[in-house]
1. Near the amide H of residue 151, under 5 Å away, which other amide H atoms are found, from residues 5 or more places off or on another chain, if H is placed in the peptide plane?
2. Quick one: order 168, 94 by neighbouring beta-carbon count within 10 Å, fewest to most.
3. Below 8 Å between Cα atoms, with a sequence gap of 6+, how large is the relative contact order for the stretch 76-198 in percent?
4. Between residue 157 and residues 5 or more places away or on another chain, which pairs have amide H atoms under 5 Å apart, with H built 1.01 Å from N, and which residues are they?
5. Using the Cα centre of the stretch 76-198 as origin and beta-carbon charges of +1 (Lys, Arg) and -1 (Asp, Glu), tell me which of 104, 115, 86 is placed farthest towards the positive end of the dipole.
Amino acid sequence: MRVTTSSFADADPRHAGRRPGRTIPTGILGRFLRLDRDQSPGSEIGRGRPRDSGRRQSLIQRNTRIVASMDAAVRTHVYLVEDSPSIRTRLREMLTRTGHIEVVGEADNPQAAIAGILASRPDTVILDLHLIGGSGVQVLRTVHPEAPAIKFIVLTNHPNDQYHRICMEAGASHFLDKSNEFMKISELVSGRPANLSSGNPA
């Protein structure tokens with residue numbers, strides 16, 4: 001079957017004598033009409049749903065990454081330098097319990113501490129003085145000149161005046177006694193009151 005389109009003469013008497021309208025096979029016409037319908041504003045293609053769906057998914061993924069980045073940015077990153085595994089565990093549990101502090105590394109000797117701190121660039125370092133094979137003062141004197149923005153909190157069982165002076169001159173911001181100032185760590189790191197239910201280390 002073939003369909004003949006209206007000629008100019010059919011539409012307007014002034015065009016009488018001109019060539020009549022051309023004939024279009026129904027199969028071609030049908031495909032043309034389907035294509036026109038599919039591309040109309042109310043159709044799936046016209047509304048661009050497949051493309052918009054992919055775009056929405058991409059935006060969701062991007063926003064998720066942004067939120068994760070913002071969350072990581074507002075967290076305080078802490079590095080623990082302590083030779084006692086049990087004290088490191090207590091510190092890690094106390095600090096991460098706040099929800100806004102993240103422990104990014106740990107070390108029990110000066111060499112590992114220096115390398116780890118310079119690699120991770122934390123906001124704060126909790127530093128013991130007596131380490132395996134060396135001293136926390138060595139860590140402080142090596143790292144502080146290279147990364148002065150990092151805050152060092154010295155936590156020691158030997159809070160005498162000589163150590164206090166050496167550490168403060170080397171760049172420490174605080175010098176704490178493990179036996180009775182352990183709970184101050186969380187408050188100094190986060191700027192928020194500490195949870196006193198954790199108790200002092202054994």
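Computed from the coordinates by the stated procedures, all read-outs in this text should not be read as laboratory data. These numbers were taken from a predicted model, which means no experiment stands behind them. For neighbour counting, all protein chains shown are included, and Cβ atoms are generated from backbone atoms with ideal geometry for every residue, glycine included.
1. Here 124, 125 satisfy the definition.
2. 168, 94
3. For the stretch 76-198, the relative contact order is 22 percent.
4. Amide H neighbours of residue 157, under 5 Å, 5+ apart: 129, 178.
5. It is 104, whose Cα lies furthest towards the positive end.
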